[in-house]
1. Could you tell me how many cubic angstrom of Cα convex hull volume region 426-520 has per residue?
2. Within the set of other residues whose C-beta is less than 10 Å from the C-beta of residue 264, count the net charge using Lys and Arg as +1 and Asp and Glu as -1.
3. Quote the relative contact order of region 87-534 in percent (integer), defining contacts as alpha-carbon pairs under 8 Å separated by 6+ residues.
4. Tabulate in residue order the Karplus-calculated ³J(HN,Hα) for region 106-111, using 6.51 cos²θ - 1.76 cosθ + 1.60 with θ = phi - 60°, rounded to whole Hz; enter x for Gly and Pro.
5. Kindly report the accessible area of region 87-534 per residue (heavy atoms of protein chains, probe 1.4 Å, no ligands, DNA or RNA), in Å².
6. Cα gyration tensor of region 159-262, axes a ≥ b ≥ c as square roots of the eigenvalues: rounded (a/c below 1.5), prolate (a/b > b/c) or oblate?
7. Compute the projected area of the convex hull of the Cα atoms of region 337-477, averaged over all viewing directions, and report it in nm² to one decimal place.
8. What does the net charge come to around residue 356 if you take all other residues with beta carbon closer than 13 Å to its beta carbon, with K and R at +1 and D and E at -1?
Amino acid sequence: MDGPLGLRKVDSHCSISEMDDFDLSRLLDKPRLIIERKRSFDERSFSEMSASFARAGLDNYDTYSPGGRSGFDSPASSARNSFEPHPMVADAWESLRKSLVYFRGQPVGTIAAVDHQSEEVLNYDQVFVRDFVPSALAFLMNGEPEIVKHFLLKTLHLQGWEKRIDRFKLGEGVMPASFKVLHDPVRKTDTLVADFGESAIGRVAPVDSGFWWIILLRAYTKSTGDLSLAESSDCQRGMKLILTLCLSEGFDTFPTLLCADGCSMIDRRMGVYGYPIEIQALFFMALRCALAMLKQDDAEGKECVERIAKRLHALSYHMRSYFWLDFQQLNDIYRYKTEEYSHTAVNKFNVIPDSIPEWVFDFMPTRGGYFIGNVSPARMDFRWFALGNCIAILSSLATPEQSMAIMDLIEARWDELVGEMPLKISYPAIESHEWRIVTGSDPKNTRWSYHNGGSWPVLLWLVTAACIKTGRPQIARRAIELAESRLLKDGWPEYYDGKLGRYVGKQARKYQTWSISGYLVAKMMLEDPSHLGMISLEEDRQMKPVIKRSSSWTC
């Protein structure tokens, strides 16, 4: 039954038991996707998590369902929580429902923004694959999975289209960046129109759309316990097509995925070409999700699973070793020798110590660390990128020690990474002559704006999920309180500008859908940590390395 705030009471969730804590060697023999109905996500681990929250005195979360009673609470937790719903939640659900897009009478997604004040529509009236993810999670958490199912099926249908840009054919597995529904009131017909990059600014095809699609398919399956969608021949083929693009062998000597600038959430030129952390973390997570969902009832399925397992081992070692930076590692790089030859080289990528930017020495705390933005021959991008580090925690690409170190860094550098509005998409900003070279003098990406050090409220759900997984919900609560002081009053902007995120972005759209849904997902996860199971993967025993918090390249 729906309440006045649009929340639906959910009595129980079905789950896929032990989907995440898998053994790769056993997966090569038979599928491990198992349903246990009428249970919460991972009762043992999440009951322990709830107990640890209670011991920390963090169990009095704000409730926000009708009458101050949450549809997700157990009777015991309902008795504990006596707060009235936050006024933002009602507005958020109302705005989220207004953003729904319908195709032949069925909801198939949410548009990017419902900004009636903006003169230019551009592509903000379209359904973006990456933008819809937090909306989908909000609907799943609210017991409305059909919207997500329709979206997954429609985007899967679009994947099958022939994709051409200037007479050049894209790979068969490429997922669209976005799509829109054209309504013909005269003929009473609906038509889907997809954008694979041929209309995008910069004409860049999205690499992350396919990864988000696989991750969302797993979230849907985990939430509903419905295996039929993931096991359907269409979804199995869709996953294989995406992975075929990514697992193809070539000239690259690294297990990471080579990408162009602008192929992800950072969809403008920002010097992230090469092996950006965001894409590598999503790639890792999508591989793990696909490994749990792919069937092995034929030779093709078994071969695909074997290729995934091998890539995961190589990718986890590479990322945990060469992308990781903490105080000790920074000191080691500072003292590197160059022009080393043979497999015994310590400075494997021939990074010149003089290329280390000055800011990173002051930014790096004694305790803490993070995955840097990029690593390739003679190049290390030392910038912080929020999405990649949060996904690294959720996918268990980061070891438990590294995950805690990332949380330590956020706490130690709160003003720089959070400021007055969560969360900096990247840090620090590129300025002056470097900005002209790296961004092509992009006026939207001036310093501390948009992707160049801007603050994006949508990242709130990701940092909240990472905080819950690492047992640091107090960090998430502090970030949510910051967002609640401004977001509704400012009209749910797309992003904020300034070193501390104090100003609504100069070109930010109002009523940005993923700013709205990101807040809702963060609130729901903080109140009911079991929702984390949709989007979190536990550490795989077979991939645990000997690398600890200080992951020296000499390992």
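1. Working: hull volume 9.1 nm³, N = 95.
Cα-based convex hull of region 426-520, divided per residue, equals 96 Å³.
2. Around residue 264, the charge tally is -3.
3. This gives 15 percent for region 87-534.
4. For region 106-111, the Karplus curve yields 10, x, 10, x, 10, 6 Hz.
5. Numbers: 16770 Å² over 448 residues.
I get 37 Å² per residue for region 87-534.
6. Working: a/c = 2.13, a/b = 1.12, b/c = 1.90.
It comes out oblate by the Cα gyration axes.
7. Seen from a random direction, the Cα hull of region 337-477 projects 9.8 nm² on average.
8. Taking every other residue near residue 356 into account, the sum is -2.
The values are calculated or read from the model by the stated rules, or taken from the named source; none is laboratory data. Computed from a prediction, not measured in an experiment: that's the story for all the values here. Heads up, the Cβs are rebuilt from the backbone with ideal geometry, glycines too, and the neighbour counts pull from every protein chain shown. Just the protein is used for accessible areas: all its heavy atoms, side chains included, with ligands, DNA and RNA removed. Shrake-Rupley method; radii C 1.70, N 1.55, O 1.52, S 1.80 Å.
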